Each structure stands twice: as structure tokens, then as C-alpha cells.
Amino acid sequence: MPDFIIAVLVRNRFGVLNRVTSMFRRRRFNIKCLTVSETESPEYSRITVTFEGDGGAHEKQQLIDQLYKLEDVCFIKELENKSAVTSELLLIKVKNDPETRALVRDTADAFGAVTMDYTRESVIMQMTGSSRRVSAFIDLMRDYTILEICRTGVVSLERGSETIRKTEL
């Protein structure tokens, strides 16, 4: 199933996130990750959704058309890897085992992960990058004892001067 990424600019109001995500459920798309944050204006929030579904371009367009019918949805932008800057944040806690400590450190260095917390029992590392890169790092760390993982989900902005707002609000 192909993955799609859309950014939805909404009015920052109570219940908007529920109405947006309910539309995905009703249209039978599975949300793989979701990030929501206030924008440069506190009046608006940006919802970035990575989702998959059995349907193709037609069903995805129907979903977007239905989202536009929601009162608090202002703009929607489909984001593609080739025309967007996309990143994800990972925090990963790994057992601090003397036998594997150097290997864990070498792997973390290769991926640019930064140590955020270090105790006798565990190490917490932070890493940012594409979802593919974050997943590759996690896969390598599975050779050791992962205690806990927390991922933010994708955030993405279109390259160049284009913005999600096609016109002024």
C-alpha cells in the first residue's frame, strides 16, 4: 500500500483534530503517524498526516475533498518526498551493557544520534532524519536491548517559496 502525506491547516479550535481524523476512518484510510502543532499564528494549527489505504489517487482525492468540507479546514497540501523537506524525531532508550556499549556508540555516531541521558542502566539517544533513516537506525539497534522508543511522526514543509496557504486568509 502506498503512503501519502498531507498537511492540513486548520483553525485552532476545540474538537478539530477529532473531526479531521474521523474523516480518515470513515474513508477507510489508516493513519500511520500524525503530528499537530500551532503554526506561526496561534489562530491556526498544522496537522501533518502520513496515511495508507487500499484506494488510489481517486480515493485520496475524495478524502481531501471531504476534508475541505469541514468548517475549520483552511488549506490542504499534499507533500511528496521529492518536493518537500521531511523529518522525524526519535528518542530511544537502550540498555547500557558494558559488552555492547562501544557498538551502540559506533552505531549512534554513524547516524548522528546524540546522547541525551546516560546512566549505569541505560542510555537515551536522540536522532532526527527521514522516516526511512530513523527506521534503519531502530533496526540496527534491535541487535541490542531496546528498552523504549518514542517517535514524533513526520513533519514536512514544501521546498522553495510555496506555502500551505495559497491565498491570504
Q. Using the eigenvalues of the Cα gyration tensor, what equivalent ellipsoid semi-axes result for segment 22-169 when each is taken as the square root of five times the eigenvalue, whole Å, largest first?
A. 37, 17, 14
Q) How big is the Kirkwood radius of segment 106-169, worked out from every pair of different alpha carbons and given in Å to one decimal? A) 14.3
Q. Quick one: what Rg and Dmax do you get for segment 1-41 from the alpha carbons, in Å?
A. 11.4, 35
Q: Could you give the size of the charge dipole of the chain about its Cα centre, using +1 on the Cβ of each K and R and -1 on the Cβ of each D and E, expressed in debye and rounded to the nearest 20?
A: 400
Q | C-alpha long axis of helix 101-111 to longest principal axis of the chain, angle in ° | A | 30
Q.
Can you tell me, using C-alpha contacts under 8 Å and at least 6 residues apart, the relative contact order of the chain as a whole percent?
A. 27
Q) What net charge do the residues around Glu71 carry, taking every other residue with its C-beta under 14 Å from that of Glu71, with Lys and Arg at +1 and Asp and Glu at -1? A) +3
Q: Go through Met23, Thr39, Ala102 and say which Cα lies farthest out towards the positive end of the charge dipole of segment 1-120; charges sit on Cβ, +1 for Lys and Arg, -1 for Asp and Glu.
A: Met23
Q) Give me the Kirkwood hydrodynamic radius of segment 39-88 in Å, from all C-alpha pairs, to one decimal place? A) 12.9
Q) If the convex hull of the alpha-carbon atoms of segment 9-69 is projected onto planes in all directions, what is the mean projected area in square nanometres? A) 4.1
Q.
Run the reach check for Lys82 against lysines, Cα to Cα strictly under 27 Å, same-chain hits fewer than 8 apart removed. What comes back?
A. Lys32, Lys60, Lys166
Q.
Accessible area per residue for segment 22-169 in Å², computed with a 1.4 Å probe and the full protein assembly in place, what is it?
A. 61
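The values are calculated or read from the model by the stated rules, or taken from the named source; none is laboratory data. In this text, all values refer to a predicted model and were calculated from it rather than measured experimentally. Neighbour counts run over all protein chains shown; Cβ positions are idealised from the backbone, glycine included. To get the accessible areas, we keep the full protein, side chains included, count just its heavy atoms, and leave off ligands, DNA and RNA. Shrake-Rupley method; radii C 1.70, N 1.55, O 1.52, S 1.80 Å.
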